[in-house]
1. Somewhere in segment A:113-130, is a residue more than 9 Å from chain B (Cβ to nearest Cβ), in contact with a Ser or Thr (Cβ under 7 Å, 6 or more places away or on another chain), more than 18 Å from residue B:36 (Cα to Cα) and surrounded by fewer than 16 Cβ atoms within 10 Å (Cβ to Cβ)?
2. Anything in segment B:36-69 that is under 60 Å from the mean Cα position of the chain (by Cα) and not in a loop (DSSP other than H, G, I, E, B)? List them, or say none.
3. Under the condition of being outside any loop (DSSP other than H, G, I, E, B) and facing chain B (nearest Cβ under 9 Å), which residue from segment A:79-98 is farthest from the chain's Cα centre (by Cα)?
4. Every residue in segment A:26-78 that is more than 7 Å from every other protein chain (Cβ to nearest Cβ) and among the aliphatic types (A, V, I, L, M), please.
5. Testing residue B:47 on (1) within 9 Å of chain A (Cβ to nearest Cβ); (2) open to solvent by less than 50 Å² (accessible area, probe 1.4 Å), one condition comes back false. Which one is that?
6. Looking at (1) part of a strand (DSSP E or B); (2) closer than 30 Å to residue B:181 by Cβ; (3) open to solvent by less than 60 Å² (accessible area, probe 1.4 Å), find the lone condition where residue B:318 falls short.
7. Considering segment A:96-110 alone, what residues qualify as being within 14 Å of residue A:65 (Cα to Cα), aliphatic (A, V, I, L, M) and at pLDDT 90 or above?
8. Output the number of residues of segment B:363-394 satisfying the condition of being under 21 Å from residue B:295 (Cβ atoms) and either crowded, with 18+ Cβ neighbours inside 10 Å or touching a Ser or Thr at 6+ places or on another chain (Cβ under 8 Å) (or both).
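The values are calculated or read from the model by the stated rules, or taken from the named source; none is laboratory data. What you see is a predicted model, and the numbers here were worked out from it, not measured in a lab. Methodologically, a virtual Cβ is constructed for each residue, glycine included, from the backbone with ideal geometry; neighbour enumeration extends over all protein chains shown. When the accessible area is computed, the model is the full protein with side chains, heavy atoms only, and any ligands, DNA or RNA have been set aside. Shrake-Rupley method; radii C 1.70, N 1.55, O 1.52, S 1.80 Å.
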Amino acid sequence: MIRQFITAGVLALAFIAPVADAAGTVELTVKSLQEVQVTDKNGKITKKTVPVAKVVPGDEVIYVISYANKGKQPADNVVITNPVPAPVAFRAGTSAAAGATDTVSVDGGKTFGKLEALAVPGADGKPRAATGADVTHVQWKLNAPVKAGASGSVSYRVVIE
Amino acid sequence: MNSKHFARLGLATALALVMAPSAFAAGTDAGTNITNTATVNYDVGGVSQPPVTNPTPDDFEVDRRILFTVAATDGAESVAPGAQNQALTYVIQNDTNDTVDFYLSVEELTGDDFDGADGGSAAQFYLDDGDGIFNGADTLLPVSPLGKPYLDNVPEYNGVAGNLRTVHVVYDIDTGLANGDTADVYLVADATSNAGADSAIYTESATDGVLVVDTVLGDADGPATNDDARDATHSAMDSYLISSATLAVSKTSVVVTDPFNCATAGDSTSCTGTPKRIPGAVIQYCITVENTGGATAEDVVITDQVPGATTYVNQSIWTNVSGTGTACDLTDTLTAAGNMQPEDDNTVDADALPETDPAGGSFDAGTETVSVQLKPDVAGSGGIARAAFRVTID
């Protein structure tokens with residue numbers, strides 16, 4: 001049984017790939033970054049963004065999601081959806097992106113909206129205003145098509161719980 | 001490759017399950033893998049395309065942040081000189097996002113009046129059983145192969161009282177110490193991974209690994225000599241305070257009656273003139289005990305030989321006598337109540353046991369000695385107790 005399932009999975013992947021190739025492919029990469037303070041030889045402190053390495057609870061991590069249209073035709077109605085990983089909290093107001101409309105979900109990705117307009121059940125059972133910690137998904141709708149060969153990125157910040 | 005992928009999926013599921021309790025957690029556990037996968041949906045030429053995810057999920061592991069505190073639970077412990085098995089009590093709270101072991105040691109301050117070890121025994125470390133009080137239900141902490149006492153597997157505190165560790169440091173107190181003497185003792189805790197195998201104290205990782213659990217030191221500076229910020233060491237001070245009784249005894253006398261100025265011997269209200277110290281006069285002795293020490297003096301017994309040329313007045317011993325300073329009120333005008341009553345149930349010899357009077361007052365006719373236990377116990381910081389007895393001048 002197990003062997004058959006694995007075979008089926010491989011077949012499915014093989015089936016999808018040519019379709020994407022034929023139509024044009026958008027590729028995604030996700031990178032986690034960290035802001036660190038760097039002191040130069042003159043004692044001047046600047047902030048620098050580096051790939052995440054040492055991270056403990058309370059630290060902030062920046063997720064950068066890059067997209068690139070590797071196909072030969074423009075990609076329309078591009079929607080990037082990112083489930084917020086479990087043990088991190090979305091930092092409200094950090095998902096804004098030029099050229100994109102950003103929304104969030106607090107119900108596991110069923111519905112999306114601006115965080116300030118969303119509510120979740122409170123401890124007393126009555127709805128309360130949602131906070132960054134309630135966000136389950138972040139979503140961006142790109143306002144313009146991504147031309148062939150074009151690329152861009154969106155980002156947001158989280159705090160390790 | 002496949003198995004690694006499955007492992008990740010399994011971990012992601014496990015994380016989802018523990019999500020709810022982690023809302024109260026001090027921090028995500030060290031070693032937790034945080035994986036991020038995004039999806040893009042798009043159309044080409046008006047045709048919806050299959051969603052695409054980032055082929056390599058972004059992931060990193062949460063590092064270990066060493067963070068904990070040692071605290072003394074209360075003020076100085078009052079102890080008596082020579083008292084055995086006296087405990088100083090400290091609480092260790094582990095706010096590291098990991099389960100940690102702690103080596104425990106003591107540092108005795110210089111410049112205070114005495115040391116815990118002066119009593120002749122090294123510090124003993126006990127883990128409290130949950131009541132916060134040192135008693136027989138507490139357990140002696142284990143000792144590593146190199147002889148270091150340690151706390152094993154201390155979980156993250158996470159606001160759960162049961163995750164705190166209360167430790168008693170126990171010494172025998174030296175004898176011959178004065179009231180108010182103090183001994184200050186630091187309890188020092190060093191965080192480590194496996195104390196039972198004498199693992200090294202945690203240090204800050206020199207390199208940063210993305211998929212490696214690095215160690216970051218976040219502990220605060222503490223009072224002990226070798227306890228700086230971010231050194232996986234923390235400490236707190238508790239103190240012994242010697243509390244002993246310091247007693248001062250004084251004795252005064254007044255004339256109650258004489259045969260010429262008073263109608264009835266021993267009845268001060270029967271006098272028409274001022275009684276004088278002449279033969280046949282009744283004298284009341286007042287013995288006052290003041291305790292200027294810190295501790296209550298219990299079971300204080302006064303013995304006093306009746307002066308020559310006087311005769312003890314039978315059943316004239318009183319305890320808990322009211323008065324002013326070192327002077328007692330006249331006992332024949334007092335109303336016996338509670339433990340303020342005449343003692344001496346045996347006018348001939350030392351009282352037979354068990355005593356029938358509350359304070360065990362007695363007169364030994366052989367040695368002509370008055371013996372009385374002060375009632376009540378003499379409180380510290382200036383408590384006073386008085387006893388009185390009477391004699392007749394021969």
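1. Checking segment A:113-130: at least one residue is more than 9 Å from chain B (Cβ to nearest Cβ), in contact with a Ser or Thr (Cβ under 7 Å, 6 or more places away or on another chain), more than 18 Å from residue B:36 (Cα to Cα) and surrounded by fewer than 16 Cβ atoms within 10 Å (Cβ to Cβ).
2. Scanning segment B:36-69 gives B:36, B:58, B:59, B:60, B:61, B:64, B:65, B:66, B:68, B:69.
3. A:88
4. A:33, A:36, A:38, A:45, A:50, A:61, A:62, A:64, A:68
5. Here residue B:47 meets the rest and fails (2).
6. Condition (2) is where residue B:318 drops out.
7. A:100
8. 14
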